[in-house]
Structures are given as C-alpha cells and as structure tokens.
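This report refers to the structure that appears directly beneath it.
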Amino acid sequence: MEKVLIIGCKNTMDDVCIGCSRCMVGFNRREGEFEEYKDKDAELIGLLSCGGCPGAGIVTRMAQVKLWNAPMNEKPTVIHIAPCLSQHCPNKDEIIKKILAKSGIDVIEGTHPYMPADIFA
Ligand code: SF4
C-alpha cells in the first residue's frame with residue numbers, strides 16, 4: 001500500500017488553488033503523475049505546505065508530519081511535489097534538495113495534470 005504525501009507551495013495552497021482540489025481530484029482519478037497508482041493500492045495521507053517563503057522550515061515540517069501521524073500509525077511511503085512548488089517557486093531547487101536529502105522515501109515531481117489553459121486564447 002502506497003501512502004502519498006503531497007508537498008506544495010504555501011502561498012498557492014492558501015490563496016490560489018482553492019481547496020487543493022486539483023491535486024485531490026487528480027489522485028482520486030489516478031491522473032497526471034498519479035497514473036502510476038491506477039492498478040495499485042494507494043491512499044492520500046496529507047497535503048503539506050512548504051511553510052512559507054523561503055521554505056526554510058520544510059525539514060521540520062516533514063518531521064512534524066511524522067509526529068502528527070504517529071498516533072494513527074501512518075507515515076508516507078512516497079512524496080509528490082505539486083506543480084505550484086516544482087514549477088513556480090523561486091526556491092524550488094533548495095526545497096526539493098532538502099526533501100530528497102531528508103525524507104528517506106521516494107520523491108516524485110508532479111501531481112495533477114489540470115494546469116489552467118490560456119485564459120484569453
Ligand atoms: S518558498 Fe516557494 S513554495 Fe514556499 S511559499 Fe514561497 S514560493 Fe511557495
């Protein structure tokens with residue numbers, strides 16, 4: 001059973017991508033980078049923000065996820081980096097480097113495939 005933790009951009013999660021529903025719908029439908037779970041057991045166990053610019057707290061926040069979920073005996077087996085972070089964050093290289101170095105589990109860039117189309121086209 002894969003246990004998926006999504007990590008995204010705090011600014012976007014708070015104010016832009018309302019309800020983080022694109023990531024959740026993508027996971028539920030197994031679309032985008034979640035296609036690889038189409039024929040597998042997989043659960044979404046959390047949506048974690050970077051904590052705010054410049055994302056300095058990301059390692060601490062991953063440790064908090066571990067503590068917070070310990071009473072339920074849940075922990076992620078794979079992390080997906082949402083496009084709000086992997087495609088649009090000026091600090092993404094440093095943040096993703098820390099996640100790769102400290103998570104100890106697989107890290108995949110990408111979540112949903114529903115990027116907005118050209119607005120005025
Ligand atoms: S550090 Fe990057 S991912 Fe985090 S809030 Fe700022 S812009 Fe978003």
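Residues are listed down the side, and each one gets a yes or a no for (1) near the ligand (Cβ under 10 Å from one of its atoms); (2) in contact with a strand residue (DSSP E or B) (Cβ under 9 Å, 6 or more places away or on another chain); (3) not in a loop (DSSP other than H, G, I, E, B):
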{"residue": "44", "(1), (2), (3)": "no, yes, yes"}
{"residue": "47", "(1), (2), (3)": "no, yes, yes"}
{"residue": "51", "(1), (2), (3)": "yes, no, no"}
{"residue": "70", "(1), (2), (3)": "no, no, yes"}
{"residue": "94", "(1), (2), (3)": "yes, no, yes"}
{"residue": "97", "(1), (2), (3)": "no, no, yes"}
{"residue": "108", "(1), (2), (3)": "no, yes, yes"}
{"residue": "117", "(1), (2), (3)": "no, no, no"}
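Report yes if residue 56 is away from the ligand (no atom under 15 Å from the Cβ) and over 11 Å from the mean Cα position of the chain (by Cα), otherwise no. No; evaluated as a whole, the condition is false for this residue.
In this structure, is residue 3 surrounded by 12 or more Cβ atoms within 10 Å (Cβ to Cβ), within 14 Å of the ligand (Cβ to nearest atom) and charged (D, E, K, R)? No; evaluated as a whole, the condition is false for this residue.
Within segment 49-69, residues that are closer than 14 Å to residue 14 by Cβ and open to solvent by 70 Å² or more (accessible area, probe 1.4 Å) sit with their Cβ atoms under 8 Å from residues that are of a type outside the set (Ser, Thr, Tyr) and part of a helix (DSSP H, G or I), at 6+ positions apart or across chains, in these pairs: 53/10; 53/11. Restricting the search to segment 7-40, which residues are touching a residue at least 24 places away in the same chain (Cβ under 8 Å), more than 16 Å from the ligand (Cβ to nearest atom) and open to solvent by less than 70 Å² (accessible area, probe 1.4 Å)? Answer for segment 7-40, where residues must be touching a residue at least 24 places away in the same chain (Cβ under 8 Å), more than 16 Å from the ligand (Cβ to nearest atom) and open to solvent by less than 70 Å² (accessible area, probe 1.4 Å): 25, 26, 27, 31, 32, 34, 37. Is it the case that segment 79-95 has a residue that's of a type outside the set (S, T, N, Q), at pLDDT below 95 and open to solvent by 50 Å² or more (accessible area, probe 1.4 Å)? For segment 79-95, residues of a type outside the set (S, T, N, Q), at pLDDT below 95 and open to solvent by 50 Å² or more (accessible area, probe 1.4 Å): present.
The residue of segment 72-90 that is nearest to residue 16 (Cα to Cα), among those that are without any contact (Cβ under 8 Å) to a residue 40 or more places away in the chain and not in a helix (DSSP H, G or I), is 87.
Residue 18 satisfies every condition listed in (1) at pLDDT below 95; (2) in contact with a Gly (Cβ under 9 Å, 6 or more places away or on another chain) except (2).
Taken together, the residues in segment 11-22 that are touching a Leu at 6+ places or on another chain (Cβ under 9 Å) and not polar (S, T, N, Q) amount to 2.
Condition check for residue 86 on (1) of a type in the set (Ser, Thr, Tyr); (2) within 17 Å of residue 3 (Cα to Cα); (3) within 11 Å of the chain's Cα centre (by Cα): one failure, at (2).
The values are calculated or read from the model by the stated rules, or taken from the named source; none is laboratory data. The model shown is predicted, which means the values in this text are computed figures rather than measured ones. Glycine gets a Cβ as well: all are built from the backbone with ideal geometry, and neighbour counts include every protein chain shown. We work out accessible area using only protein heavy atoms, side chains counted, and drop any ligands, DNA or RNA first. Shrake-Rupley method; radii C 1.70, N 1.55, O 1.52, S 1.80 Å.
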